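Worksheet: one structure, shown below.
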Amino acid sequence: MVMGAVRELQSKLVAEFHTSPDLFEEIARIEALLAETYRDRFLYELLQNSDDAGSTEVRVDHSSATSLTWENDGRPFTSADIESLCRSARSTKERGGGTIGYRGIGFKSLAAVADSIEVASSGVRFHFDRRRSSHLVGGTSTMPLIRIPVDIAGSDVTRGARFTLALRPDAHVDVDSIDPLALLFLRNVRQLTLVDVAGRQAVIGTRRDNNRVTLYRDGHPDAAFEVRDIGAGAQLAVPLDAAALTLAGAGGRLSCFLPLADALGVPCVASGMVVTDPSRTHAVVGDPATITVVEAAARAVFGILGDSADPLFDRMWELCLTAEDPRATLSAPATSVSHRFWSRLRDAANTDPLTIRYSPVGYTNAEADLVRPHGAPRALYAEQHRGAARALKAVFGLASADVAADAGRNFSRLSPDTRKRAAEHIRSTADAFGRSLTPAERHLVEQVEPEAEIASPEPVPVASRAGSPSSTMADHMHMWRAAEKSTMTYLNDRGWDLDDVSQQNLGYDLTGRDPDGHPAFVEVKKVDSPDSRFAVTSNEMSFLQSRPDSYWFAMVVGQGRGTLLYMIRAGTADLPFERVCRRWDWECADWSRSGVVI
């Protein structure tokens, strides 16, 4: 039945050509424009079409440099589906009708990379081929590739569909370039098998457990997100681990089910039926449909930030505190997704103020649990987030916490540095308001002053450079406090021979030789956990790239007795650095899988 419909369609299209050959020339020019515009998106267009067809598995085989085969296990083509392939902008899908695509032009993007296309489905096989189509109509100099089906025959493909592309000599196809985020919001596709031109196979997929979506690569979990419906047909994906954070990026992503190039404003991914430009790479920011999705994402994020009982409460505050400075975003012209997103967050805070208080003094994670008021997010009280916390204070209009009251509850359990910062803040605040310290404040301040007069302990001589160490990294952190000094003595106790050059701005903190006698340049980074981001300056990145085999990252992780040291040789680790242009440095989140605790 389908084969007969394809033959009938062929006859109809040939008759249309003889009636209006100029129309076919115009269609060929439009096809060329669409192909060039969609050139870098054709794999996503096929993935979108496969999902709309109900496919659960897709296989892409580019093991031959001259061809590419795309197979899915979805609904077999109907005669209406085949006619929609042949005609421009005549999709069988409707916007908002449970499908992703609706324009009916995405398939035309294949003209950018293919000289001919074989289509097989529902027991029928046919080709799109300019030369053979031209011959069929009697010869013409201009013929669209995807218009008239030729070489119609039977096929063994009855389930799903298969497309075989004979690639153009100038085609550049990289099947590994498909962003794993593309699977995050698909309704049906759960597994994507990719075979590259070297014959290497990779399998990426998703597993869903209620709202938790885990991306898998080759059968192993790779990144986890919580995906929530947020109204207006939109969804929000919140990264739960370092790998997911790397995929989302420091600025997050906006997605029209398939990823776009627009940053959301926080390290999350929002998806919905946004309107995109013709290239399908950017959202049309001013379109009502796009505005609806972005505002739904802002409402969802603000709801999480204000609800301490929400399981994502602490995680969302942490993500907002690692995002780009929202003050810079809000001061820029109102033409970006992130500007609209943060504008709506700010408006929400003005309408429904958050009761959470900003702390002018920062604490370690362990200390934050002691001093923060009930319901306050730990990340907002962390010392490493002071700058970002001030930015959120300004945007959300947060009130300041009472440092004397918060710190005073467990003052003796705070580190000397934290007590000193708290005392200095209490003094400076009283001076700024021209008042005397209260008895409670004076009691706290007086506890700090004697400690300031205690001489620092004599450093342990660096003579045990190849000794038999019994101390831990935590012992060295307690002794030196400075991460660079602590790391140097700890490594020297274990056979390294390093000197501290951290004050010379060389692009590394320690220099010398590793236990095998090889040159070593060590950059020390202090982070709270293996999921934390760390930043690399342009100076450090430049030196790293010039000496990758000798460049090490020493990751000092945690606080107190739980401090660990991860060592990463930059030249042998595939670290996913991401450029953060506004701060002119590089950031890395998913680094812990490359390090070894020593």
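The values are calculated or read from the model by the stated rules, or taken from the named source; none is laboratory data. Everything numeric here is computed off the predicted structure, so don't read it as measured data. Here the Cβ is made from the backbone with ideal geometry for all residues, glycine too, and neighbour counts use every protein chain on show.
Things to note:
- Matching entry among 423, 430 (being at pLDDT 90 or above, outside the structural domain of residue 558 (by TED's automatic domain parsing) and either touching a helix residue (DSSP H, G or I) at 6+ places or on another chain (Cβ under 9 Å) or not in a helix (DSSP H, G or I) (or both)): 423
- Scanning region 286-336 for residues that are among the small types (Gly, Ala, Ser), touching a residue at least 60 places away in the same chain (Cβ under 8 Å) and under 26 Å from residue 273 (Cβ atoms) yields a count of 5.
Per-residue answers, yes or no, for (1) part of a strand (DSSP E or B); (2) of a type outside the set (Lys, Arg); (3) under 27 Å from the mean Cα position of the chain (by Cα); (4) not assigned by TED's automatic domain parsing to the domain that holds residue 240:
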{"site": "503", "(1), (2), (3), (4)": "no, yes, no, yes"}
{"site": "517", "(1), (2), (3), (4)": "no, yes, no, yes"}
{"site": "520", "(1), (2), (3), (4)": "yes, yes, no, yes"}
{"site": "532", "(1), (2), (3), (4)": "no, yes, yes, yes"}
{"site": "536", "(1), (2), (3), (4)": "yes, yes, yes, yes"}
{"site": "539", "(1), (2), (3), (4)": "no, yes, yes, yes"}
{"site": "543", "(1), (2), (3), (4)": "no, yes, yes, yes"}
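- Hey, residue 9 at pLDDT 90 or above and either under 33 Å from the mean Cα position of the chain (by Cα) or not assigned by TED's automatic domain parsing to the domain that holds residue 139 (or both) or not: no
- Test for residue 231: is it on the phi > 0 side of the Ramachandran plot and surrounded by fewer than 18 Cβ atoms within 10 Å (Cβ to Cβ): yes
- Checking 228, 207 one by one, the residue that is without any contact (Cβ under 8 Å) to a residue 24 or more places away in the chain, over 20 Å from residue 69 (Cα atoms), among the charged types (D, E, K, R) and part of a strand (DSSP E or B) is 207 and no other.
- Condition check for residue 184: farther than 30 Å from residue 226 by Cβ and at pLDDT 90 or above: no
- Among the residues here, residue 60 qualifies as outside any helix (DSSP H, G or I) and surrounded by 17 or more Cβ atoms within 10 Å (Cβ to Cβ).
- When the residues of region 551-580 are filtered to those that are of a type in the set (Gly, Ala, Ser) and farther than 20 Å from residue 485 by Cα, the one that is farthest from the chain's Cα centre (by Cα) is 571.
- Close Cβ contacts (under 8 Å, 6 or more residues apart or on different chains) running from residues in region 382-409 that are not assigned by TED's automatic domain parsing to the domain that holds residue 427 to residues that are assigned to a helix (DSSP H, G or I) and crowded, with 20+ Cβ neighbours inside 10 Å are absent.
- Selected residue [modelled with pLDDT under 95, closer than 16 Å to residue 7 by Cβ and in contact with a Leu (Cβ under 7 Å, 6 or more places away or on another chain)] from 130, 147: 147
- Within the option set 410, 365, being at pLDDT below 90, in contact with a helix residue (DSSP H, G or I) (Cβ under 6 Å, 6 or more places away or on another chain) and not basic (Lys, Arg) holds for one residue only, 410.
- Count of region 500-511 residues, restricted to those that are under 14 Å from residue 554 (Cα atoms) and surrounded by fewer than 22 Cβ atoms within 10 Å (Cβ to Cβ), is 4.
- Some residue of region 333-342 being surrounded by fewer than 19 Cβ atoms within 10 Å (Cβ to Cβ), at pLDDT below 90 and among the aliphatic types (A, V, I, L, M): yes
Per-residue answers, yes or no, for (1) free of Cβ contacts under 8 Å to residues at least 60 places away in the same chain; (2) polar (S, T, N, Q); (3) in contact with a Gly (Cβ under 6 Å, 6 or more places away or on another chain):
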position	(1), (2), (3)
8	yes, no, no
12	yes, no, no
15	yes, no, no
37	no, yes, no
65	no, no, no
72	no, yes, yes
75	no, no, yes
